[in-house]
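To start, the structure itself, in structure tokens.
Please treat every number below as a calculation from the coordinates, not as lab data. No experiment lies behind these values; they were computed from the predicted model shown. Every residue, glycine among them, receives a Cβ derived from its backbone with ideal geometry; neighbour counts consider all protein chains shown.
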Amino acid sequence: MNRFLLTLLCAGFAGLLVAQTVPSFKYQGVARNSQNVALTNVSVGLKMTILNSSNVAVYSETFLTRTSELGIFSVNICSGQNPQGSCSTIDWSVPGYQLKVEMDPAGGTSYLNMGNSPILAVPIAVYAAKAGSVPGDTDPSPTNEIQQLAFDNATNKLTISQGNNVDLTPLKNDADADVTNEIQVLALDTVNSILSLSKSGGSVKLGGLGSTIWVKTASDLTHQFNPNAFIKFSPSNFTLNFGTGTAYKLNSLGITNSEEYFPDNSTNLDKYAWGNSIQGYQNGRYVQNYLRKDKDTMFFMRVGGNFVFPAPNSTIINPLSFMNVTSLALNGNTPVNVTSAYISAQGGLGTVANALGGRPGGALTAAIVNNVLVPYVGLFNPTNPQQLVGGIYWDGSKSIVNANVKNFWMDHPKDPTKEIWYASLEGPEAGAYERGTFTLVNGEAFVPFSDHFENVINPSTLTVQMTPLSADSEGLAVIEKTSKGFRVKELRKGTGNYKVDWEAKGVRAGYENYKVVRTKGVDTPRPATSNDFIKLD
């Protein structure tokens with residue numbers, strides 16, 4: 001009995017390569033020792049012999065191949081070394097061929113007979129390859145079936161050589177052989193507003209377009225509703241005329257304190273003017289704008305800080321805008337009361353005041369947080385107006401109060417000359433707590449939360465602290481925490497009956513991702529500027 005075994009995986013044909021002279025087919029097997037253990041990663045010698053139905057060798061060859069990690073080897077029969085005979089001369093149409101397999105597990109030529117395997121799959125491709133030379137084709141010419149296709153313009157017939165023809169006259173029924181007479185020219189008669197086609201193609205009148213109110217004269221373009229109301233655009237300026245007979249010419253698109261805009265005749269007192277001045281408090285200075293309306297004698301005098309009306313007890317119906325005003329009075333003493341007032345944003349940025357009580361530091365303004373323009377009410381550094389130091393603002397989803405310290409204060413109940421100030425406890429999360437006292441019964445208790453605490457807290461963030469009010473306590477453990485409350489048991493299987501103080505803390509629901517460390521001026525508010533407003537508008 002052989003000490004080595006060979007397990008046949010498959011013996012079949014991978015197919016015939018027609019372009020090759022010698023056909024081959026694949027053989028695959030597993031090399032094992034006498035204990036049926038695969039011979040892995042070793043070189044083995046093989047001798048393959050093809051036997052006919054009479055067990056006579058018609059072809060043999062040898063291989064030196066290497067097994068895989070599973071002991072598998074694969075060779076192509078009819079492509080080995082030391083061939084004896086020729087695979088191409090084997091008549092595969094005759095059944096009964098077998099493959100005799102011999103192996104040397106040491107990789108040499110001392111072959112051990114592993115047995116014979118019948119070749120069940122006849123290599124059809126090799127057998128069929130002989131069909132090209134089988135006699136019986138009485139027409140050996142490879143080209144005599146090829147025919148040519150031709151069209152006769154005179155007879156309109158499509159003909160194939162050595163064959164038939166077809167008459168295509170019914171398909172060629174165009175009585176007009178001219179290839180250009182269908183092309184026409186489209187023309188516009190601008191005098192009579194007629195659009196027509198050449199070669200008697202017809203025409204259409206385009207009347208009813210109306211006259212234009214745009215007039216081009218030399219390099220000027222005028223949009224004219226009537227002779228007294230127009231806008232004229234010139235290379236260096238444009239002119240406005242509102243129908244009063246007097247035009248106002250603008251040399252630039254901006255209106256400065258050196259120009260005035262007249263909605264009426266220049267001799268009429270009904271006119272407006274815009275300008276600016278410099279206003280300051282303490283040692284600071286800043287530019288103020290003003291509006292003047294002569295006819296109603298209404299002035300906004302920034303330098304003096306006065307707002308002058310035509311007569312005492314005047315009533316202003318139209319909207320007014322007060323910007324950076326330290327005081328407002330009719331005569332310097334009597335305050336002006338503005339009821340149902342709508343305070344507009346200065347410069348579109350939302351600044352109502354940046355000095356409260358005549359002193360810098362207070363701000364009703366706009367700020368930028370995470371590239372979002374938000375309202376801000378608070379304080380800024382008196383020496384640095386770009387540094388906000390505390391206030392309240394809206395970050396797009398919630399209101400936020402920020403300060404260096406947050407306090408509670410009350411009058412001292414025993415000393416009227418003093419006050420009591422407490423500072424708020426701080427931490428890196430938006431937390432909430434609830435506390436109380438419960439009674440342990442037979443070593444167990446369930447402590448329910450109040451309805452409001454249950455709705456505020458995220459139960460997955462809960463921590464619980466307990467203080468037993470008994471020296472005999474074995475210690476306590478929280479064995480369950482839910483949004484409804486928590487369950488307690490005494491340690492060491494205790495059965496105590498006593499009171500326990502408790503406190504539960506957790507993060508408010510919706511504030512789990514509270515950001516502690518923030519990028520200055522990005523995650524934190526900074527005063528908005530006109531550039532921010534233009535960019536975010």
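Values for this structure:
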{"item": "Using θ = phi - 60° and Karplus 6.51 cos²θ - 1.76 cosθ + 1.60, couplings along segment 53-59 (whole Hz; Gly, Pro as x)", "result": "5, 9, 6, 9, 5, 10, 6"}
{"item": "Stretchable slack from A57 to S219, in nm (0.36 nm times residue separation minus alpha-carbon distance)", "result": "47.5 nm"}
{"item": "Förster-model FRET efficiency, 35 Å R0, N458 and I72, C-beta, rounded to 0.05", "result": "0.05"}
{"item": "Per-residue HN-Hα couplings for segment 496-506 [Karplus 6.51, -1.76, 1.60; θ = phi - 60°; Hz; x = Gly/Pro]", "result": "x, 10, 7, 8, 9, 7, 9, 8, 10, 10, x"}
{"item": "Shape metrics for segment 431-507, restricted to C-alpha atoms - Rg then Dmax, Å", "result": "12.3, 36"}
{"item": "Estimated vicinal HN-Hα couplings, Hz - segment 71-78 in sequence order (Karplus 6.51, -1.76, 1.60; Gly, Pro = x)", "result": "x, 7, 10, 8, 9, 9, 5, 6"}
{"item": "For A528, residues with placed amide H under 5 Å, excluding near neighbours", "result": "A366, A367, I368"}
{"item": "Gain upon complete extension [V204, F151; 0.36 nm per residue less C-alpha separation]", "result": "14.5 nm"}
{"item": "For M114, distant residues with modelled amide H under 5 Å away", "result": "V101, E102, M103"}
{"item": "5 angstrom amide H check on I77, placed H, neighbours 5+ away", "result": "F25, K26, Y27"}
{"item": "Cβ-based net charge around L46, under 15 Å, with every Lys or Arg adding one and every Asp or Glu removing one", "result": "+2"}
